[in-house]
Amino acid sequence: PDVSRAGRLGFVEEGETIALVGPFSPSLDASELSKLRGEPLPDGLPEVDIEAVRAVQLVVRDAVREGLVDSAHDIAEGGIAVALTECALAASLGAAVTLDGQGDVWQALFGEASGGFIVCGHATAIAQLSERTELIVIGKVGGDELRIEVGDEVIELALSDLRTSHRSLEALFQ
């Protein structure tokens, strides 16, 4: 209702807390990565708890409208790694993130599912949001690179390299 409270995609401020919000259980089944690998579509997909997804969407929407979080981005095509990259590139701000190291690293980075959001805000705001919905603090905004740690694996990419790669992809579709 108030345009000045519209959400934004990119990170906002050095030092802000990054959290994963919602009932997000990533899967590589029918994901963008699976399509790129040429894998066939599965016979079925995991069930989605529509009410849980709707509930977290309402909480995130309200947190954006209230100015509680500074940015929110759904985790859709490409999974968490792609969503984090989009947040970093949109703001020209890097981040350091640690994800759950249990299970498949590819699934943790590129798995997709309904109901997940990456949000950032001041630590006190993220704590307030945790009183409304399930969330996991995964990192901090800052620097000129995106660093994602999953178990023993670490990805470190300079924002300048990510931007160059992104522009190369854009050129394919012009």
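Brief remarks on what is shown
- Condition check for Ser92: open to solvent by 30 Å² or more (accessible area, probe 1.4 Å), under 28 Å from Val154 (Cβ atoms) and among the polar types (S, T, N, Q): yes
- From Arg147, Arg132, residue being among the basic types (Lys, Arg) and farther than 27 Å from Ser34 by Cβ: Arg132
- Residue in the stretch 4-24 that is nearest to the chain's Cα centre (by Cα), counting only those that are at pLDDT 85 or above and open to solvent by 30 Å² or more (accessible area, probe 1.4 Å): Val12
- Leading residue by the ranking (nearest to Leu129 (Cα to Cα)) among those in the stretch 49-88 that are in a loop (DSSP other than H, G, I, E, B) and open to solvent by 70 Å² or more (accessible area, probe 1.4 Å): Asp49
- Looking only at residues in the stretch 30-45 that are in a loop (DSSP other than H, G, I, E, B) and open to solvent by less than 80 Å² (accessible area, probe 1.4 Å), the one that is modelled with the lowest pLDDT is Gly44.
- Total residues in the stretch 108-131, condition modelled with pLDDT under 95 and not in a strand (DSSP E or B): 8
Conditions tested, residue by residue: (1) of a type in the set (Gly, Ala, Ser); (2) under 21 Å from Leu159 (Cα atoms).
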position: Ser25; (1), (2): yes, no
position: Glu39; (1), (2): no, no
position: Ile75; (1), (2): no, yes
position: Ala81; (1), (2): yes, yes
position: Ile118; (1), (2): no, yes
position: Ser130; (1), (2): yes, no
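- Number of residues in the stretch 98-151 that are of a type outside the set (A, V, I, L, M), over 24 Å from Leu68 (Cβ atoms) and touching a strand residue (DSSP E or B) at 6+ places or on another chain (Cβ under 9 Å): the value is 11.
- The sole residue among Leu89, Leu68, Leu93, Leu109 that is within 11 Å of the chain's Cα centre (by Cα) and not small (Gly, Ala, Ser) is Leu109.
The values are calculated or read from the model by the stated rules, or taken from the named source; none is laboratory data. Please read all numbers here as calculations on a predicted model, not as lab measurements. Don't worry about glycine lacking a Cβ; one is built from the backbone with ideal geometry, like all the others, and counts go over all protein chains shown. We work out accessible area using only protein heavy atoms, side chains counted, and drop any ligands, DNA or RNA first. Shrake-Rupley method; radii C 1.70, N 1.55, O 1.52, S 1.80 Å.
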